[in-house]
Structure formats: C-alpha cells, structure tokens
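The values are calculated or read from the model by the stated rules, or taken from the named source; none is laboratory data. It should be emphasised that the depicted structure is a prediction, and the values quoted were computed from it without experimental measurement. Note that we place each Cβ from the backbone using ideal geometry, even for glycine, and neighbour counts take in every protein chain shown. The accessibility values were calculated without ligands, DNA or RNA, using every heavy atom of the protein model including side chains. Shrake-Rupley method; radii C 1.70, N 1.55, O 1.52, S 1.80 Å.
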Amino acid sequence: MAPQIDPERLLSDLKTLRSFGACGNGVVRQSFCDVDMAARRWLAGRMAEAGLEARIDGVGNVIGRSPNDGRALLMGSHTDTQPRGGWLDGALGVIYALEVARALAEDRARAHLPLDIASWMDEEGSYLGCLGSASFTESMGDEEIRRAANSDGRSVADALIAVGLADQAPARLEPERHRAYLEAHIEQGPVLEAEGKLIGVVTSIVGVRTLTLTFSGQQNHAGTTPMALRRDAGDALIVLAARLREALGALAAERTVFTIGRIVFDPGADSIIPGRAEMSLQFRDGDEVLLDRMAAAVDRLMEEANRAGPVRIELAESSHLESAPMDPGLQDHLAAAAERHAPGQWMRMPSGAAHDAQIFARRVPSAMLFVPSIGGISHDFAEDTSEADIALGCQVLASAAASVLEELNRP
Ligand code: HGY
Ligand code: MN
Ligand code: MN
C-alpha cells in the first residue's frame, strides 16, 4: 500500500500559499519582497506542524529537516515567482514535498524514513537564478551570491539585511545524509496535454544562457539631428537584434529556443534619440556545445557591430545554467509509481524549463516529475492545472518517494 496523501490538505495549502501575493489567478511574489518572506515564514510554520525541524537559512531557503536518521531523500522546489507569475510554478513542488512528508509520517510502516524538504530561494532569478540551491550545494561561492543584484541594483547582501537574515548561516547539503533529490513541477509547456498524458518523468533539463547587451550612443533631439550624425543606441539595438535572430535561427536544432525578453530605450521619449539601450538575450538547448556555438555567434556579431560603429556595445552574461541528465534509477522509481497510479498515462520527456534539480544533479542523483499545464501556459497569470491532476501528481510522488527511501535504507 502506498503512503496516502490528503488531496484536500494539499489543495488547501496550495491555495493558502497563493494568497501571498495573489493577483487574479496568478501571483506576484518575487524573492525577498514582503509577501515572499511572509510566505516563507508561513511555510516554516507548516513544516514544523508536520514534525520537521524548520528554519529559514542564511540565503532565505526554507528547510524542513526530518528528525529521522538514515539516508535521506531531499525534495523541494521554489516559492518565489516571476514578476507576473503563475500560482503553481515552484509552489506545486514545495507543497507536494510538504504533503509527502506528512503522508510518510502518517504511515506507520514508513514513519521512520528521513525525508528533508525545502523551498529554494530565487529560482526565478530576480537576483540570481537558482541562488538558493546553488548556496545549499555550494556550487557557487557565498560572496558571488551576495554580490548578485536585482534590476533595482539591490544586492543579495542588502536584501538579506533588510529581511533580517544577515546573521543566519546558510544550510548545506550533507553528503552522508542527502543521497537523492526529487522535484515535482508543472510542465509549463503543451506536451503532456497534447499527448493526453497525466504524468511526465523528466529525462534531462536544458542548459540556459542569459546575456545582457548594452548600447551606448548619444542622446539628442529627434528633429534637429540629421540621420548621418546620429549615434542612436535604439537603432543599433534593433539592427543587431535582427542579425542575432537570423544567426541563432540558422544554428538552432529541433528543441533550441531563443528569446529577447526585455528591451529598454533610455530615456524612452518620442522626441529624443535614445542615448542608451539595453536588451536581454536568452537561448536554451540540451546540447552545451551548440549553446557555446550560439554564444560565439553573438560575440562575432557584436564585434562586427562595434567595428562599424557609431554606437558602443557591451555584453555581460547574467546567468549560465548547465544542462543536466536526470538519474536513470530515480526516473525508474517515478515511472513505476506513475504506472501504478496512472497506468499508460505517463511519458518520459525532456524539460525546456530550468529547475533547481539541474543544480542538485551535479551533487546527488536527481530526478523530476511533471504534471500537465492547461493550454501549456506558464509564466503568466493564466497558468493552471486541474485539481485532479494536482492530486494525482502528488500521490505518484509519494509512492516514488517511499520506494526511493526504502531502497536507500535497505539493510
Ligand atoms: O525560466 C525557467 O525556465 C524557470 O521557470 N525559471
Ligand atoms: Mn518559472
Ligand atoms: Mn519553476
């Protein structure tokens, strides 16, 4: 018999978490803001009520540590959101982890098994993508993390002072204890719905490169400045963006994606030639060699544009997440649980979204489970998943967690 989750309790906690920063059907709860910290304090309380040793660590991770000894499974996701986010992106995996911890504790045959759970800080990268899991796995130095800043220029170090965490120590992965990592997440894409499947077992997670290009020209009058004398930063951005799109399109493989998500013209007035402009450029694929070739193409086009002038262009990498394969053994635990609870209604699939699991995959065997996103919509207030699919996903995860923990702790 699998450990039994409580769907009402699960949905109630998901809806309570949504209330922190609720905006229509979606949520605005970016890292370190007031509602983000209030949500973390509420979550720590729920973890304590579930019998876990709960704390908010020195970078804002909310950690629920089982009192049980043994080889532990680690399970979590994130509760911070995009600037206009969905109510389930990250939140689903955190509340699943809480519900699985409760289901194991209520199962006499499994109450002794150690499941540690967490909400990792800033997966969405308001300051630095996957900041919390990078701190926990020590895959990024504390000083590098503290120097990261948000779009207002506020550093992580200042944010930690503002929320009263500056004197807390960061929690760390314990290699002897933490033997595996599982994360559940909404798919955030259209595949499961299109294939008529209810569960995704993730095979690999994409690599993600995010660049910021800044263009420095000469602000001037839009009426009296002859075209030949202009140093128009906005025009230089538009020309280079078109060339980048063509070059990256020519390099792209079947699953490659690239996005210009943000453009700023400064000062952004109808009758002023922009003296400064900025754009983000993000590209993703499972193949790091292809991503390197795309990055080289960006460098080449930028150098050509700088040689031609009249605007100076600079490039900075704002985020770099390596692609990661998911552990085959853990995938099989998820697949067996999916077959048990949703026979024939599951599939293996790659992840086009980034996740904390790709940070953990460098340190411990890691795997992910997906549930469908209605209409494939995510990073939008309209993001949603049916309550039946939410409950099923958690039950599958609970069964997989039990089988992983029993295998880890087999005498
Ligand atoms: O952008 C991503 O892939 C993730 O949702 N942060
Ligand atoms: Mn996201
Ligand atoms: Mn996410």
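For this structure, a couple of remarks:
- Förster-model FRET efficiency, 25 Å R0, ARG307 and ALA269, C-beta, rounded to 0.05: 0.25
- Segment 207-321: radius of gyration and largest Cα-Cα distance (Dmax), Å: 15.1, 50
- Between ALA38 and GLU288, the modelled labels are 4.2 nm apart [label points 7 Å from Cα along Cα→Cβ].
- Segment 96-174 and segment 326-369 have Cα centres spaced 21 Å apart.
- Average accessible surface for segment 236-303: 54 Å² per residue, computed with a 1.4 Å probe over protein heavy atoms with every protein chain in place.
- For segment 160-234, the list of GluC sites (Glu not before Pro) that fall in a loop by DSSP and count at most 11 other C-beta atoms within 10 angstrom reads GLU176.
- For the chain, the longest principal axis of the C-alpha atoms and the axis of helix 233-251 are separated by about 50°.
- Of THR203, THR81, THR210, the residue with the largest accessible area leads and the full order is THR203, THR210, THR81 (1.4 Å probe).
- Karplus-derived HN-Hα couplings along segment 81-98 (A = 6.51, B = -1.76, C = 1.60, θ = phi - 60°), whole Hz, x at Gly and Pro: 10, 5, x, 10, x, x, 7, 10, 4, x, 4, 4, x, 6, 6, 4, 4, 4
- Each Lys or Arg adds one and each Asp or Glu takes one away; over the other residues whose Cβ falls under 12 Å from the Cβ of ASP34, this sums to +2.
- Taking Lys and Arg as +1 and Asp and Glu as -1, the other residues whose beta-carbon sits under 14 Å from that of ALA324 total -4.
- Using distinct alpha-carbon pairs, which all enter the 1/r mean, Kirkwood radius of the chain in Å: 22.3 Å
- Degrees, to the nearest 10: 328-341 long Cα axis against longest axis of the chain: 60 degrees
- Radius 10 Å from Cβ of GLN282, net charge of other residues (Lys, Arg +1; Asp, Glu -1): +3
- Projected label distance in nm at ALA242 and ARG362, using a 7 Å step from Cα toward the beta-carbon: 4.0 nm
- Length gained when the stretch GLU144-MET227 is fully extended (0.36 nm per residue, less Cα-Cα span): 25.5 nm
- For segment 24-114, Kirkwood radius (reciprocal of mean inverse C-alpha pair distance, Å): 13.9 Å
- Segment 3-18-segment 264-293 distance, computed between alpha-carbon centres (Å): 40 Å
- Relative to the dominant Cα principal axis of the chain, helix 7-19 is inclined by about 30°.
- Counting all C-alpha pairs of segment 1-66, share separated by more than 14 Å (%): 65 percent
- Apportionment of accessible area to carbon and sulfur, the chain, percent (1.4 Å): 51 percent
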